[in-house]
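First up is the structure itself, then whatever we jot down about it.
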Amino acid sequence: MREKLLYEYAVIRLVPRVEREEFLNVGVVLFCKETAFLQTLYHIDEEKLKAFGCETDREQLKENLASFDKISRGCEDGGPIARLDLPSRFRWLTAVRSSVIQTSRPHPGFSSDPEETLQKLFRELVL
């Protein structure tokens with residue numbers, strides 16, 4: 001049996017109108033320190049956006065979500081935050097903010113396969 005590893009995840013949310021505090025889950029970010037795993041998955045469901053009456057600029061939304069992905073992967077073009085260590089990047093991604101893209105509070109769990117857990121959480125919470 002494989003060892004269970006501590007991980008943390010947060011749900012990435014689109015908040016079209018911050019003052020209304022309504023949100024749509026669009027992604028998940030998962031961090032596991034022991035395996036140096038930090039990855040983001042996201043999906044923009046156009047039908048759900050229409051149901052929200054969302055007037056958010058779709059291209060800007062895609063760019064913002066892509067920057068989450070670049071930061072989680074530590075890409076060269078991810079800016080100065082992407083050059084931080086993994087725990088610092090995860091903490092930055094999950095910091096409380098009042099913007100169109102927000103995250104839930106981080107939640108912990110145990111998993112023997114962080115990639116598999118990320119896929120499972122993504123299917124359950126976003127798709």
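The values are calculated or read from the model by the stated rules, or taken from the named source; none is laboratory data. Fair warning: this is a prediction, and the values are worked out from it, not measured in the lab. Neighbour counts are summed over all protein chains in view; Cβ atoms, including those assigned to glycine, are modelled from backbone coordinates with ideal geometry.
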Restricting segment 61-80 to residues that are exposed (fewer than 15 other Cβ atoms within 10 Å of the Cβ) and in contact (Cβ under 8 Å) with a residue 12 or more places away in the chain, the one farthest from Ser99 (Cα to Cα) turns out to be Arg73
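Return yes or no: is Phe122 among the aromatic types (Phe, Trp, Tyr) and more than 12 Å from the chain's Cα centre (by Cα)?
Working: among the aromatic types (Phe, Trp, Tyr): yes; more than 12 Å from the chain's Cα centre (by Cα): no.
For Phe122, the condition - among the aromatic types (Phe, Trp, Tyr) and more than 12 Å from the chain's Cα centre (by Cα) - is not met.
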For Ala36, state whether it is among the small types (Gly, Ala, Ser), at pLDDT 95 or above and at positive phi.
-> yes
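Hey, among the residues in segment 32-53 that are in contact with a Ser or Thr (Cβ under 8 Å, 6 or more places away or on another chain) and under 25 Å from Glu116 (Cβ atoms), which one's surrounded by the fewest Cβ atoms within 10 Å (Cβ to Cβ)?
First pass over segment 32-53, keeping only residues in contact with a Ser or Thr (Cβ under 8 Å, 6 or more places away or on another chain): 32, 38-40, 49.
Those left that are additionally under 25 Å from Glu116 (Cβ atoms): 32, 38-40.
Working: Cys32: 24, Leu38: 22, Gln39: 17, Thr40: 23.
Among residues in segment 32-53 that are in contact with a Ser or Thr (Cβ under 8 Å, 6 or more places away or on another chain) and under 25 Å from Glu116 (Cβ atoms), the one surrounded by the fewest Cβ atoms within 10 Å (Cβ to Cβ) is Gln39.
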When restricted to Val100, Val96, Val29, the only residue within 15 Å of the chain's Cα centre (by Cα), surrounded by 18 or more Cβ atoms within 10 Å (Cβ to Cβ) and more than 21 Å from Arg123 (Cβ to Cβ) is Val100
